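Working notes, structure below.
Each value in this text was obtained by applying a stated rule to the coordinates, not by laboratory testing. A quick note: this is a predicted structure, and the numbers were derived from the prediction, not measured. When we count neighbours, we look across all protein chains shown, and the Cβ atoms used for this are built from the backbone with ideal geometry, even at glycine.
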Amino acid sequence: MSTLSRRNFLVTAALAAPTLRLLAQGGNGPVAVALTLPTEALGAKMPADFVGLSYEIQQLTDPKFFSLANTGLIRAFRQLSAHGVLRLGGNTSEFGYWKPTADAPEPAHPATREVAGEPKAEYYAVTPEAVRNLAAFLKATGWSCLYGIGMGTNTPERAADEAVFVAKTLGASLQYFQIGNEVDLFDRHLRDPKTWTPKAYLDEWLAIARAVTARVPEARFGLPDVASDVTWLPQIATLWPAVENPPHVTTLSHHHYFDGPATNPHVTIENLLKAESMRKVQHNADLATGAADAMHLRVRMTEGNTCYRGGKPGVSDVFAAALWSADYSLLLASNNYSGINLHGGTGKSVANSVGGFLPGDGLLREQGKSEAEIATHPHPFYTPIGTFGDKYIVQPVGIGLGFAGKLSGATFLKADLTAPLQSAGINATAYAARLANGRTSLVIINKDLEKDLALTVDFGTHAAGLVHAETLRAPSADSREAHIEPEAKPRALKAGKLAITVPHTSALRLTLEKK
Ligand code: BDP
C-alpha cells in the first residue's frame, strides 16, 4: 500500500465472498471497483408476485375504476408486472362500509375524535358492483388482491358480511384479508390513547377475524399493517402463541414512507438517495423478519412511498424516485420480504385519505406555479401510475419498481455486495441473483449524484456465455422521466470478466447467458 497515495488506494475487502479489489481515484474521476461474484450460497427467494401497488378503499366508490372497461389502467398494471398484487386499504378503509344492496341504509357510525391534520370522518360505501368489477379487473391484469376491511369504525358482523361476498366474488384472486390500516396510529383518532396497545388491537382483530373465519372457513389474513412502529410485529409474535385456535395468518405487514410531508425541508432528492435513508429500512426489516421467523411467516411491505401525505413534487415524481424504488425493492426482497406495494391512485382518493388536500399542491402554488403547470404533475405526486384524464402513465417511481421486479422469481446470491461499494466511497448498491431460468443477474444502482462507477465484474464460476446489459436512466435526477434501455448487442466476456461503467444517477442490470 505504501506506493499508493491518498487519492489512489487499494482495499481488499475482508469478505469471504465476494472478493473485492478496489481502486478508487480521488477528485471527480470514476470510482473503480473490481468485483467477483459469489458462488453457490443462495439467500432469499423473490416471489414471482413481488411487485405490488396499494390503493385506497375510497377508490372503490367509483366502480368503473377497477373494471374491465378501464383498459388503460389494465395496460399500465400489466406493464408493471404480469403477476402483481393489488392491495386495497389506506386511511379511507377505516371509513369504508359494506353496502350490500342499493337501498341498504348507511349504518350508524361510532363517534370518532376529530384531530387537526388527520382525515375527517367521511364515509365510503363499498358495493357489490365495485367488488364484481374488481374481480374482472384482476382477471384481466393477472394480478391478485390483498383486500382491506376496516377496523376503526366497523363491526365483526359487517366485516363478515363483506368478507363473504368478497371471498366468493374474487375467488382465487384473493390472497388474503387485511383488517385495519395503520393500527399503531389509532390512538391519534380512533381509539383511546390510554388503553390502545398491541394487545388491545389483537383482541379486537381476533373478534373480527374469527367472525370472518366462521363464515369464510378458508379465509387467510395479513396483519398488523402498522404505519411506522414496527416493534408491533415482535410484540404480536410474543402474544401469538397464547392465541387459542388462531385464524389463518399468512403474512406480517408494515408500511414505510421515507419522510414527509411535502413541506418538510428534509424531503429532498439528496436525502432520499442517501445510504442513510435505507438504514432505517434495514433496521425495520430486521425487526419485522425476526418476528416473522418466530411465527413461520413472511413479511410484506403493504404500503409506502417516498413522502407521506401524497408525495412531494420534484422528489416523488422524478427519476430520483425510480432509483429509490429500485433500490428499496431489492433491499426488501434480499431481506426475504414476500413483496412490496407502493401506494398511489387518483389525486382525489389520496387527498381524501389525508384530510382532503395534498400539501404538494400548496407547495407548487407557493412557488407561483400555474394551475395548468400543476396539472402536469401526477396526483398524488408519488403515485406509481399517474391518472391524466382517461390516460394512465407509469411514473418514474413505478418504472424503478418494475426494473427491480425483473428479478421476480429469482434467488439472491448470499453476499453483501453493497457494503464494499459504499466503503469505496460511492453511494451505490448491488444485488446478484440466480433467475428462475438459471441465468445470473447482477443489478448495480448508482445513486451517487456525482461519481461514476468504473466496474470490473469477474463472473467467476458463473462465467459462461454473453452478457446482456440494460440500464435504468434519465437525463437527470430531477427529470420527470425514467427509461429502461436494453443494449442492442450482448457483450462478450474477456477471461470471464466484463469492464463497464455505471454512470452516476443510473442503474445497470447485467444478465449472463447460460453455457
Ligand atoms: C398512509 C395512509 C394513506 C395515505 C398515506 C399518505 O395509510 O391512506 O394516503 O399515508 O400520507 O399513512 O400519503
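Quick rundown of the values:
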{"item": "Net dipole in debye of the stretch 61-159 [+1 Lys, Arg Cβ; -1 Asp, Glu Cβ; about Cα centre; nearest 20]", "result": "520 debye"}
{"item": "Viscosity 1.306 mPa s, 10 °C: Kirkwood-radius Stokes-Einstein D of the chain over Cα pairs, µm²/s", "result": "67 µm²/s"}
{"item": "Amide H contacts under 5 Å for F388, placed H, 5+ residues apart", "result": "I393"}
{"item": "³J(HN,Hα), Karplus 6.51/-1.76/1.60, whole Hz, each residue of the stretch 262-273, x for Gly, Pro", "result": "4, 7, 6, x, 6, 7, 10, 4, 4, 5, 4, 8"}
{"item": "Mean ellipticity per residue at 222 nm, deg cm²/dmol - from DSSP H runs of n ≥ 4 across the chain, formula -39500 (n - 2.57)", "result": "-8500 deg cm²/dmol"}
{"item": "Those trypsin sites (Lys or Arg not before Pro) in the stretch 49-157 that DSSP places in a loop and that have at most 16 other beta carbons within 10 Å", "result": "K64, R113, K120"}
{"item": "Mean Cα-pair separation over length for the stretch 101-207, i.e. relative contact order, pairs under 8 Å, 6 or more apart, %", "result": "31 percent"}
{"item": "Phi to ³J(HN,Hα) by Karplus 6.51 cos²θ - 1.76 cosθ + 1.60 over the stretch 473-480, Hz, x for Gly, Pro", "result": "8, 7, x, 7, 4, 9, 7, 8"}
{"item": "The chain: relative contact order in percent, alpha carbon pairs under 8 Å with at least 6 residues between", "result": "17 percent"}
{"item": "Most to least packed among 355-367, 322-334, 428-440, 378-390 [average Cβ atoms within 10 Å]", "result": "322-334, 378-390, 428-440, 355-367"}
{"item": "Beta bridge orientation in the chain: antiparallel %, DSSP, nearest 5", "result": "55 percent"}
{"item": "Protection-proxy order for peptides 200-209, 44-53, 103-112, each taking the mean of Cβ atoms within 10 Å per residue, highest first", "result": "44-53, 200-209, 103-112"}
{"item": "5 angstrom amide H check on L455, placed H, neighbours 5+ away", "result": "V33, I500, T501, V502"}
{"item": "Under 23 Å from the Cα of K494 - lysines, other chains or at least 8 residues apart", "result": "K514, K515"}
{"item": "Kirkwood Rh and Cα Rg combined as Rg/Rh, the stretch 136-213", "result": "1.05"}
{"item": "Selection of GluC sites (Glu not before Pro), the stretch 240-346, meeting DSSP coil and at most 16 other Cβ within 10 Å", "result": "E244"}
{"item": "P(r) weight above 21 Å for the stretch 297-386, C-alpha pairs, percent", "result": "34 percent"}
{"item": "Long-range amide H partners of Y97 with built H, under 5 Å", "result": "Y124, A125, V126"}
{"item": "The stretch 241-315, relative contact order in percent, only Cα pairs under 8 angstrom and at least six apart counted", "result": "53 percent"}
{"item": "Eligible lysines near K139 by straight Cα distance, threshold 24 Å, same-chain separation 8 or greater", "result": "K64, K99, K168, K391, K406"}
{"item": "Positive-end residue, the chain charge dipole about Cα centroid, Cβ charges, pick of V164, L421, T501", "result": "T501"}
{"item": "At least 18 Å along the helix axis (C-alpha) and Kyte average at least 1.0, DSSP helices within the chain", "result": "319-334"}
{"item": "Cα-centre dipole for the stretch 410-515 with unit charges at Cβ (Lys and Arg positive, Asp and Glu negative), debye to 20", "result": "500 debye"}
{"item": "Where labels lie 7 Å past Cα in the beta-carbon direction, separation of A495 and Q79 in nm", "result": "4.5 nm"}
